[in-house]
Every structure is written in C-alpha cells, then in structure tokens.
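Take a look at the structure set out below.
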Amino acid sequence: MRNKSNTSLEKAAAACIVLSGLLVSGSAKAQLTVDTLTGGINTITTAVPFLMIGPDARAGGMGDAGVASTPDPNSGHWNAAKFAFIKDTPLEKGKGSSRDVGFSMSYIPWLRSLVPDINLAYISGYKVLKGGRVTQTVAGSLRYFSLGDITFTDIVGNVTGNFNPNEFAVDFSYARMLSENWSGGLSLRYIYSNLTGGFVVDGNPSHAGRSVAADVSGYYRKETEMFNRDVMFAYGIAITNVGAKISYTQNADRDFIPINGRMGTSLLIKMDDFNKVMFLVDVNKLLVPTPPIYNSDGTIKKGYDPDRSIASGIMASFYDAPGGFSEELKEYNFSLGSEYWYDNQFAIRAGYFHEDATKGNRKYFTIGAGLKYHVFGLDFAYLIPTQQKHPLENTLRFTLVFDFGGLGAENSGTE
C-alpha cells in the first residue's frame, strides 16, 4: 500500500509541473539569474495554463493542429470562425447538409504517469442561426480542470486541511460568414481558478483567481481542383485569451493568462467517392512577456521588464527574449497533422508536436481514430512522447460527438 503522504507529495509535484509559476510570480527573479541560466532554459510561464490544453480527441490525434481543420463542435477552442462553415460538407457538392446543431463531450485523464486523479472535462455545442442573408452560428463551451485531492500542511508537517483545487472556463462564441470563402469569429470567456481554497500561502491569505478574456479569429477556405481531384485549401488564424491578469493573494503581483497566437493551413483531398485525406500545419506562440535574465541583485541584465500592460506585453512578446532573435524563434511551437476518412464513417489520424527544449521541451507524436454513424461520433487519441518517463506519456483523450442535424442528411461529411 502506498504511503498517503507520498501520494500527496506526488500530487503537489504534478501541480507544480502543470501550474508552475502561478502563485509566486516574483520567484522568477530568483531563478533566472545569470548564474542559473547558463543552460539557456527560459520557459515562459503563465497563470491558468489549463486553457492551452487541447480538449478534444480529434485535434489531439493530429498533433494538436486545429486552427485550419474542417469545422467540428470543438472549433471554439481552436478557431471559432470555423463555426460559420460547419453546416457545409467539404467537397460534397450536390449532396446537401443539415448540420444545424450539435454538441460534444470530451474527457482527458491528465498526467496519469504521475498522479491518478487529475482530469480535464470539456463540453461544447453550436447552433446555426436560420434566416438572414449570411450564415451565422452561435456556440458555447464549458471546460473543467480538477487537480484531485491535495493535503495542506504547515511548516512542521501538521495537516491544516484538504482541498480539491479546480479551475473552469465558460465560453460564448459567435461566427459569421464575411464572404463566400471568408468567415470571422469572436469569443468571450469567463475564467475561474481556485488552487488553494483560501488557505494561507507564505503567510498571506489566498483567494480564487478570476478573469475575463476574448478571442478573435478568421478562417478562409477555397474548393478547387488539382491533379484531376477535388481539393480544399484552408487557412486559419486566432488570437485567444486576451484578458486581464490574475492573482491569488493580495500581496502578489498579477500574472498574465496565456494570451496566444495560432495560425495554420490545411489541404483536404478527395481521392475518390470513399476516401479523403487532410494534411495540416499549425504554428503557435504565447503572446506574453519572456522572463529576462537578472543579476544577483535583482536588476535586469538582459531582456525587458515583464511587468507590462496587456497590450504592451503582446507587442513585446515578439522582441523581448533576452537571447535575441534566435531565442524568439524558439518560442514558436509547430504541429503537423493528418487525417484519413473512409466513406465518411471511419477515420485514422496521426501528428507531431514540437516545442524547443529551452521553452518547455514538449515533443510528442500522436495517433487517433474516429467512428461516425448517423448522429453519433466517437474519437480517440493517444500521445507518445519522444522522451522516456515524460509527464505526458500515455495521455489518452476521448470525445463523443452528436450531430443532430445529421438525422436528415443523406451523407454526413468529415467533421
């Protein structure tokens, strides 16, 4: 039988991995000195990083590429503008479509190689609005992240209480056709993060963190013919989580939430009446300040002061890395993905995600599968890190999709 205190320590360690830098933003100055930063590792940390976890199994099977994929009920996380096209079935001219309403439920056991009870749940849905001269879609989602049960102790090890840290975000999205090939999207988000349950942290009473944020996104797609086959090119861009900073104690500095920029492209090819294949590329960057290098006395040696306004932090994120242009390039993450559909019913997916070793070192392959039958769909994804004993190894993602409009469709298309 495992020792209870050891389990608590493991949970605390996992929380530190997932939520590093949340509660004590000032500690970065002590860590990023000239003496300790000789290896060049300079990871960007933010509050509420759970907002950056890809919640659905479809994109999860494609290397977390999703900003330019074909629309599905989980488009709100990747690019809300895609919702404007969700009623149409790509490369299926003349067959019609009736995907007017749908929703999905996703579940991810998170960091199970470390602890047994950290989980992410995600529910999303959409409704195509009828009437009017342009297609409009509204959508919403709820994301809930639980870190399991954690035991709090004082400095001598006496138990002071137990608590289940948790975070959630509620979204509302609106997407609208701007032209035959263009669409735009806007999302509003309420964020709640309760990591301490009001317990005293470093002598200071703590409280839940709250914020409000917005996303803005665009999507373009064009059907054409190439090599005697019907194809569709798509491009997407999204700036997400633009919102107020968060703090957890009265005396702590407020921390940036993960303001993020994502752009990408995809190519969907109809091989014949039964086979389709899609290839995707995403590029992703956090739009928050990079930690500078500090001298031992706390003054900045290289880089810029990260204590900025939201707008200034977004702009500075493109030039503030203490290592210059070469370090800025390392702050871009890349996702490569592919998806194959047979008869619009069976899907196989694969992908790769790359993050530089000095910026978090997440490098992993993904595989996934999907099944679709009338109104019901099931997706599954599995993550394979390139390193052994990685915290993300054996990560599974599950998604159930319900497309109620598919009841009257003769032939439902790819998601």
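FYI, it's all coordinate maths here, none of it is from the lab. Predicted model only: the values in this text are computed from it and were never measured. All Cβ positions, even for glycine, are placed from backbone atoms using ideal geometry, and neighbour counts span all protein chains on display.
By other beta-carbon atoms within 10 Å, ranking Phe274, Phe152, Phe353 with the fewest at the front produces Phe274, Phe152, Phe353.
Working note: 222 nm ellipticity from helices only, DSSP H runs with n ≥ 4, each -39,500 (n - 2.57), summed and divided by the residues of the chain, gives -2500 deg cm²/dmol to the nearest 500.
Report the local net charge at Leu383: Lys and Arg +1, Asp and Glu -1, summed over other residues whose C-beta lies under 15 Å from its C-beta.
Details: positive: Arg58, Arg112, Arg349, Arg362, Lys363, Lys389, Arg397; negative: Asp56, Asp64, Glu355, Asp379, Glu393.
Net local charge, Leu383 excluded: +2.
Got a sec? How would Lys82, Lys389, Lys270 order by Cβ neighbour count within 10 Å, fewest to most?
Numbers: Lys82 31, Lys389 7, Lys270 20.
The order, fewest Cβ neighbours first, is Lys389, Lys270, Lys82.
Anyone know which of Gly63, Gly157, Gly125 comes out most mobile in the 10 Å Cα GNM of the chain? Checking each option, the largest mean-square fluctuation is seen for Gly157. Result for the chain in a Gaussian network model with C-alpha springs under 10 Å: among Gln345, Gln388, Gln136, the largest mean-square fluctuation is at Gln388. One chain, two ends: Ala357 and Lys330. Fully extended at 0.36 nm per residue, the span grows by 8.9 nm beyond their Cα-Cα distance. Put simply, the amide H of Asp356, placed in the peptide plane, has neighbours under 5 Å in Asn361, leaving out anything fewer than 5 places away on its chain.
Close amide H pairs (under 5 Å, H built 1.01 Å from N) link Asp255 with Ile246, Ser247, residues at least 5 positions away or on another chain. Taken one residue at a time, the phi angles of region 276-286 give Karplus couplings (6.51, -1.76, 1.60, θ = phi - 60°) of 10, 9, 10, 10, 9, 9, 10, 10, 9, 8, 6 Hz. Gly and Pro are set to x.
Based on Cα contacts under 8 Å between residues 6+ apart, region 291-338 shows a relative contact order of 30 percent.
If the chain between Tyr342 and Ile293 were fully stretched, how many nm would it gain, using 0.36 nm times the residue separation less the Cα-Cα distance?
Details: separation 49, 0.36 × 49 = 17.64 nm, distance 5.23 nm.
Stretched fully, the Tyr342-Ile293 segment lengthens by 12.4 nm.
Calculated on the alpha-carbon coordinates, the convex hull of region 99-196 measures out at 134 cubic angstrom per residue. Relative to the longest principal axis of the Cα atoms of the chain, the long axis of helix 4-18 makes an angle of roughly 60 degrees. A simple packing score, the average count of other Cβ atoms within 10 Å per residue, orders the peptides 373-386, 296-309 as 373-386, 296-309, with the highest score first. Scalar couplings 3J(HN,Hα) for region 360-371, obtained by applying the Karplus form with A = 6.51, B = -1.76, C = 1.60 to θ = phi - 60°, are x, 6, 8, 9, 7, 9, 9, 9, x, 8, x, 9 Hz; x denotes Gly and Pro. Taking a Cβ cut-off of under 14 Å around Gly323, the surrounding Lys, Arg, Asp and Glu residues balance to a net charge of -1, with basic ones at +1 and acidic ones at -1.
Legend: Rg and Dmax of the chain, from Cα coordinates, 22.2, 74 Å.
Using a cutoff of 8 angstrom between alpha carbon atoms and counting only pairs six or more residues apart, the relative contact order for region 254-300 works out to 38 percent.
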